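Novice: Got a structure for you, questions after.
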Amino acid sequence: NCTLSIILKQIKTTKIKSLGSVITGISYVDNERIYLSNGVDLYFCELDNLETDIHVYKGSIYDCIHDNDYIYMLINNENSKTLLRTDSEGNNSTILSDNVGYFCLTDKHIYFRKDEKITLGTTSKGESIQVPDSKIYRLPKDGGEAELVFEFPSDMSNYFLSYFLVDGNYLYCPYGYYDAENSDLYESFSSKELDFLRINLLTQELYYIEY
């Protein structure tokens, strides 16, 4: 904690030389490097030389995850987002999938949902309620065909998932649903209590977890 605090204090005064923009995010830290962003570009500094920034990727980056081998980035395009993989230097880029709205990594796979919206119903004022499409797909980290691994059953078509993590065969996520009787939307991630779902991706069984 002390080491990280010292690093953060130094980085606050560092600027991206190509843009003159103040750093706004830390994407990843290992024993040798710290990967940084300004909300647009991604680059890194060696921990023993924070004054020199090395550019990794230039573009509109929506999200970024490093798994020690590769960097996985969601890139904003005009109408959707593309999932891109590069090596730690920003080279050898590979497009893994288009139209990705959110993703997470496991040891072997990428789990994601598409960058699409569905309409669950309307508010009391007649306005449409749109939420992320909650079908979950999986593809190998090296690329390949995506397969559908979860979607809500027909009797839960008014439900949707928020951000999620996958551990083993289980997916964990906050959730929400449309209450047609009251023309209202419940969102577990907006409630005071910790309330989320655990989904068995093999059996499709759902468990409610509340604290």
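The values are calculated or read from the model by the stated rules, or taken from the named source; none is laboratory data. These figures come from a predicted structure and were not determined experimentally. Every residue, glycine as well, gets a Cβ built from its backbone with ideal geometry; the counts of neighbours run over all protein chains shown. Side chains are part of the model used for accessible areas, which takes the heavy atoms of the whole protein and leaves out ligands, DNA and RNA. Shrake-Rupley method; radii C 1.70, N 1.55, O 1.52, S 1.80 Å.
Novice: Which residue, Leu194, Ile61, Phe112, has the largest displacement toward the positive end of the dipole of the chain when charges sit on each Cβ (Lys, Arg +1; Asp, Glu -1)?
Specialist: Toward the positive end, the furthest listed residue is Ile61.
Novice: So what are the radius of gyration and Dmax for the Cα set of the chain, in Å?
Specialist: Taking only Cα atoms of the chain, I get Rg and Dmax of 19.7, 60 Å.
Novice: The stretch 75-116: which trypsin sites (Lys or Arg not before Pro) are DSSP loop and have at most 10 other beta-carbon atoms within 10 angstrom?
Specialist: The qualifying sites are Lys108.
Novice: Now for a separate question. Treating only the Cβ of Lys, Arg, Asp and Glu as charged (+1, +1, -1, -1), what charge dipole size does the chain show about its Cα centre? Round to the nearest 20 debye.
Specialist: 540 debye
Novice: Which of Thr82, Ile34, Ile71 sits farthest toward the positive end of the charge dipole of the chain, with +1 on the Cβ of Lys and Arg and -1 on the Cβ of Asp and Glu?
Specialist: Final value for the positive-end residue is Ile34.
Novice: Another question about this same structure. Translational diffusion coefficient of the stretch 124-211 at 25 °C, 0.890 mPa s, Stokes-Einstein with Kirkwood Rh over Cα pairs, in µm²/s as a whole number.
Specialist: In µm²/s, the coefficient rounds to 171.
Novice: In square angstrom, what is the accessible area per residue of the stretch 105-171 with a 1.4 angstrom probe?
Specialist: Accessible area per residue, the stretch 105-171: 57 Å².
Novice: Taking Cα pairs under 8 Å and at least six residues apart, what relative contact order does the stretch 133-182 come out at, in percent?
Specialist: It rounds to 26 percent for the stretch 133-182.
Novice: Cross-link list Lys81/Lys117; Lys117/Lys141; Lys81/Lys114; Lys58/Lys108: which exceed 18 angstrom alpha carbon to alpha carbon?
Specialist: Beyond 18 Å between Cα atoms: Lys117/Lys141; Lys58/Lys108.
Novice: Simple spin-label model, 7 Å along Cα-to-Cβ: Glu145 to Thr52 in nm?
Specialist: It is 4.7 nm.
Novice: Say each of Tyr170 and Lys117 gets a label point 7 Å from the Cα, pointing the same way as Cα to Cβ; how far apart are those two points in nm?
Specialist: 3.3 nm
Novice: Given the options Ser128, Asn99, Pro140, identify the residue whose Cα lies farthest towards the positive end of the charge dipole of the stretch 62-211 (+1 on Cβ of Lys, Arg; -1 on Cβ of Asp, Glu).
Specialist: Highest projection toward the positive end goes to Asn99.
Novice: If contacts are Cα pairs under 8 angstrom and at least 6 residues apart, what is the relative contact order of the stretch 151-211 in percent?
Specialist: Across the stretch 151-211, relative contact order equals 25 percent.
Novice: Moving to a separate point now. Please tell me the relative contact order of the stretch 104-211 in percent, rounded to the nearest whole number, where contacts are Cα pairs under 8 Å and at least six residues apart.
Specialist: 19 percent
Novice: In the chain, what percent of the accessible surface is made up of carbon and sulfur (1.4 Å probe, ligands and nucleic acids excluded)? Mind showing how you got there, number by number?
Specialist: Details: 5560 of 12200 Å².
With neighbouring chains kept in place, the figure for the chain is 46 percent.
Novice: Is it possible to state the helix-based mean residue ellipticity at 222 nm for the chain, with each DSSP H run of 4+ residues giving -39500 (n - 2.57), the sum divided by total residues, to the nearest 500 deg cm²/dmol? What is it?
Specialist: Rounded to the nearest 500, it is -1500 deg cm²/dmol.
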